[in-house]
1. May I ask you to list the aspartates and glutamates whose Cα is less than 17 Å away from that of residue 195, ignoring any residue fewer than eight positions away on the same chain?
2. Does segment 235-380 classify as rounded, prolate or oblate by the C-alpha gyration tensor (a ≥ b ≥ c root eigenvalues; a/c under 1.5 gives rounded; else a/b over b/c gives prolate, otherwise oblate)?
3. Taking the alpha-carbon distance from residue 305 and a cut-off under 19 Å, which aspartates and glutamates remain once sequence neighbours fewer than 8 residues away in the same chain are dropped?
4. Rounded to two decimals, what ratio of Rg to Rh does segment 176-320 give with C-alpha atoms and a Kirkwood Rh?
5. Only loop residues by DSSP count here, and only those with at most 12 other Cβ atoms within 10 Å; note down the chymotrypsin sites (Phe, Trp or Tyr not before Pro) in segment 135-180 that meet that.
6. Given H placed 1.01 Å from N in the peptide plane, which residues other than close sequence neighbours of residue 350 have an amide H under 5 Å from its amide H?
7. Once every DSSP H run of n ≥ 4 in the chain is given -39500 (n - 2.57) and the sum is divided by its residues, what mean residue ellipticity at 222 nm do you get, rounded to the nearest 500 deg cm²/dmol?
8. Points 7 angstrom from Cα along the Cβ direction at residue 285 and residue 26: gap in nanometres?
Amino acid sequence: MALMNNYGERSVTLVKGEGVYVWDKNGKRFLDGLSGIAVCGLGHRHPAVTQAICDQAERLVHVSNLYLVEPQVELAEKLARIANMETVFFSNSGAEANEAALKIARKYGNDKGIKTPHVITAESSFHGRTMATLTATGNDKIKAGFTPLVEGFSHVPYDDIDAIEAAATDQTVAVMIEPVQGEGGVHVPNASYLKALRALCDKHEWLLITDEIQTGNGRTGTYFAFQQAGILPDVVTTAKGLANGMPLGACLARGAAATILQPGTHGSTFGGNPIACAAANATVDTIESDKLCDHAKALGEYFLKTFGEKLANNPHVKDIRGLGLMIGVELTAPCADIVPKAMERGILLNVTAGNTIRLLPPLVMNYEQADSLISAVVELIAER
Ligand SMILES: *Cc1c(COP(=O)(O)O)cnc(C)c1O
């Protein structure tokens with residue numbers, strides 16, 4: 001095979017999807033407990049998204065960001081309204097949305113006369129695979145072999161306000177944080193963490209950047225997770241679930257951060273592509289009209305409650321946690337072997353941080369489908 005080996009061995013070829021199911025080329029059906037890693041929130045082949053993609057493809061595919069395109073303008077207004085932000089920059093991916101946020105932070109510092117702007121991020125965070133975002137990521141494994149890294153980052157324990165204060169210098173310009181850590185193992189911080197962080201950033205005039213690439217787009221029970229903390233960040237990034245599978249990222253900003261990127265400072269050839277934005281408009285509209293945030297909240301609570309009952313006192317289970325439809329079942333030992341075993345049973349799920357089974361089901365999953373997913377996970381753990 002001519003593909004680079006960076007994803008390791010892949011044995012299953014998926015060819016078709018419908019709702020919460022996908023099929024491989026042999027016709028085997030899988031219940032999707034992962035949504036393409038929090039991407040297909042509306043499930044596969046959602047008619048509103050398919051229609052939007054086809055309609056836009058028949059009108060206009062690409063013209064460059066030298067010109068306005070309607071779906072991009074419409075989407076920016078929608079996201080700004082939902083998030084209470086003022087301006088939006090569109091990228092193709094999460095890492096690029098974070099790159100934009102980090103460039104905003106650096107320029108914010110430089111404009112204030114701070115010569116070596118410094119950004120604080122959390123240990124076990126994940127912010128992407130580009131040079132700046134892998135440096136921002138709080139996981140040494142991801143950085144190994146890629147030195148020299150980008151300057152100007154420090155990492156502090158997650159959910160620890162004092163640690164941020166201790167790591168700050170007179171060069172600090174921003175704190176970048178996931179409202180719930182995804183790749184790091186589904187870590188939900190204390191309810192007061194983001195509020196305290198907001199207060200600390202206000203006190204020092206640092207930008208608070210929430211990386212909502214995974215937590216955004218209804219995943220945690222509100223459109224953005226910061227909305228549950230009762231705070232407003234200065235910058236919010238999102239991507240994964242934004243366009244239900246079309247590649248699109250967004251960096252949203254308000255206040256001083258909203259006007260930092262001026263002509264010539266940043267750009268992207270494909271970012272905010274008309275088809276991707278049309279798909280996102282249909283996705284956002286469907287999340288709102290079908291009240292999928294409320295459903296994600298209720299179904300997420302059902303997952304946690306049912307796992308709690310079925311796995312109570314199970315010697316293999318260390319912790320069960322989550323927010324909305326970001327669910328982690330941490331085992332006492334590494335459990336990557338569960339992934340192929342689940343696939344044999346026709347279930348797609350993921351293991352992250354070595355020993356945490358992670359579920360990111362489509363927001364449209366119903367209770368019966370959730371029961372099948374829960375039973376499969378409970379049986380896979382019982383077999384250990
Ligand atoms: C997936 C993810 C990213 C990176 O997004 P890409 O689209 O893969 O570049 C960044 N931050 C978080 C929190 C993510 O979950």
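1. Filter leaves 159, 160, 162, 165, 178, 205, 211, 212, 234.
2. Note, shape of segment 235-380 comes out prolate.
3. 294, 319, 330, 368, 371, 379
4. On the way: Rg = 17.5 Å, Rh = 17.1 Å.
My calculation of the ratio gives 1.02.
5. 146
6. The answer is 358.
7. Computed mean residue ellipticity for the chain: -11000 deg cm²/dmol.
8. Placing both labels 7 Å along Cα→Cβ, they lie 4.1 nm apart.
The values are calculated or read from the model by the stated rules, or taken from the named source; none is laboratory data. Because the structure is predicted, anything quoted here is derived from the model rather than measured. Cβ sites come from the backbone with ideal geometry, for glycine too, and all protein chains shown count toward neighbours. Each accessible area value is taken on the protein alone, full model and side chains, heavy atoms only, with ligands, DNA and RNA left out. Shrake-Rupley method; radii C 1.70, N 1.55, O 1.52, S 1.80 Å.
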